[in-house]
Amino acid sequence: MATIRIAVLGAGKIGGTLGSKWVATGHQVAFGVTDPASSRAQALRAELGQDATIGEVADALAASEVVALAVPGGAVDALLAAYASQLDGKMIIDAANRMGGGPMNSVAAISAAAPNARVYRAFNSLGWENFADPVVNGVQADLFYAGPDDAANGAAGDARATVEQLIRDVGLRPVYVGGPEQVALVDAVASLWFALALGQGKGRHLAFKALMP
Ligand SMILES: NC(=O)c1ccc[n+]([C@@H]2O[C@H](COP(=O)([O-])OP(=O)(O)OC[C@H]3O[C@@H](n4cnc5c(N)ncnc54)[C@H](OP(=O)(O)O)[C@@H]3O)[C@@H](O)[C@H]2O)c1
């Protein structure tokens, strides 16, 4: 499998977990953070050694073809305003959840700022524990995702295949829910996760499996 050059923006629970998995599966990962000297950045640097870089957002974007947004939802708009031209034309995976009402995803905002980007909604609907350990009670968890299907639409490239690869490389089974019009459905899965894992006290390692004939 070809190495994918990925910028992971945010190096917290989600960014750190996904980025570490992608490093372990042979991809080239550049973390972009607000403070490359923070204790969190230094701990990740020590853990990953030469296999990843952790630096400024602009440097991570310059080194990447795929971008994973793993920052707080409230930080996304400022990132889009500051780095729109660097984001344009890339494959962008929105894992950030805007909390507190309104849509949880930033897909429309990303597409407005970077109209030539291929934008996917993924890695937002399960707790990070499932990305660290994607097998629950011996069963591989599913990850529901949405975004453009270039190959089916006759467009150049196959960004969806790359997203699926990155989901598999985390250890989850990708389940494609549909195009950009289905992004809200992926967010509804996140709401279901919140209701069960947190609201009903089932625990953060709760995950989902679609049973298919
Ligand atoms: N935690 C989960 O289980 C989970 C599951 C699915 C989706 N999500 C979503 O994933 C996103 C990240 O969550 P998290 O739990 O990983 O949060 P976290 O542990 O608090 O990490 C957030 C990261 O974003 C960085 N950051 C903040 N503002 C930034 C900016 N403007 N530019 C670059 N980096 C910035 C932070 O850096 P500093 O520490 O230096 O500020 C930190 O590395 C959120 O949108 C969340 O809703 C979380």
Whole-Hz ³J(HN,Hα) for each residue in the stretch 200-212, computed from phi via Karplus 6.51 cos²θ - 1.76 cosθ + 1.60 with θ = phi - 60°, x for glycine and proline: what do you get?
9, x, 7, x, 6, 8, 5, 9, 10, 9, 8, 8, 10
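Between A210 and A184, what length in nm is gained on full extension when 0.36 nm per residue of separation is reduced by their alpha carbon distance?
7.6 nm
Full extension from M99 to D35: what is 0.36 nm times the residue separation minus their Cα-Cα distance, to one decimal in nm?
Length gained between M99 and D35: 20.7 nm.
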Counting only residues 5 or more places away or on other chains, whose amide H sits under 5 Å from the amide H of Y120 once H atoms are built in the peptide plane?
I92, I93, D94
Treating the beta-carbon of each Lys and Arg as +1 and of each Asp and Glu as -1, no other charges, what is the dipole magnitude of the stretch 5-199 about its Cα centre, to the nearest 20 debye?
160 debye
Looking at the P(r) of the stretch 19-131, how many percent of alpha-carbon pairs lie beyond 24 Å?
24 percent
What aspartates and glutamates could a cross-link reach from K21, if we take a straight Cα to Cα line under 15 Å and drop same-chain neighbours fewer than 8 places away?
E47, D51, E129, D133, E164, D169
A student applying the Cα gyration tensor rule (rounded when a/c is under 1.5; otherwise prolate if a/b is larger than b/c, oblate if not) would label the stretch 84-171 oblate
When the Cα centres of the stretch 137-166 and the stretch 18-33 are compared, how far apart do they sit, in Å?
18 Å
Name the shape class, rounded, prolate or oblate, that the alpha-carbon gyration tensor gives for the chain, where a ≥ b ≥ c are the square roots of its eigenvalues, rounded holds for a/c under 1.5, and otherwise prolate holds if a/b is larger than b/c and oblate otherwise.
rounded
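Go ahead and estimate [θ] at 222 nm for the chain from helices alone: -39,500 (n - 2.57) per DSSP H run with n ≥ 4, summed, over the residue count, rounded to 500.
The per-residue figure over the chain is -10500 deg cm²/dmol.
Suppose a student asked you for the relative contact order of the chain, using Cα pairs under 8 Å spaced at least 6 residues apart; what percent would you report?
17 percent
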Pairwise label distance in nanometres, A78 with Q50, each label 7 Å out on the Cα-Cβ vector
3.6 nm
Taking a ≥ b ≥ c as the square roots of the eigenvalues of the Cα gyration tensor of the stretch 57-113, is the shape rounded (a/c under 1.5), prolate (a/b larger than b/c) or oblate?
prolate
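Over all distinct alpha-carbon pairs, what is the Kirkwood Rh of the stretch 136-213 in angstrom?
In the stretch 136-213 this quantity evaluates to 13.8 Å.
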So how much slack lies between R173 and A195, counting 0.36 nm per residue of separation and subtracting their Cα-Cα distance, in nm?
5.7 nm
Non-local amide H neighbours of A7 (under 5 Å, H modeled in plane, Pro and chain starts lacking H): which ones?
A30, E65, V66, V67, A68
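A short reminder: the numbers here are calculations on the coordinates, not readings from a lab. The shown structure was predicted, so the numbers you read here are calculated from the model rather than taken from an experiment. Reconstructed Cβ throughout: ideal geometry from the backbone, glycine too, with neighbour counts over all protein chains shown.
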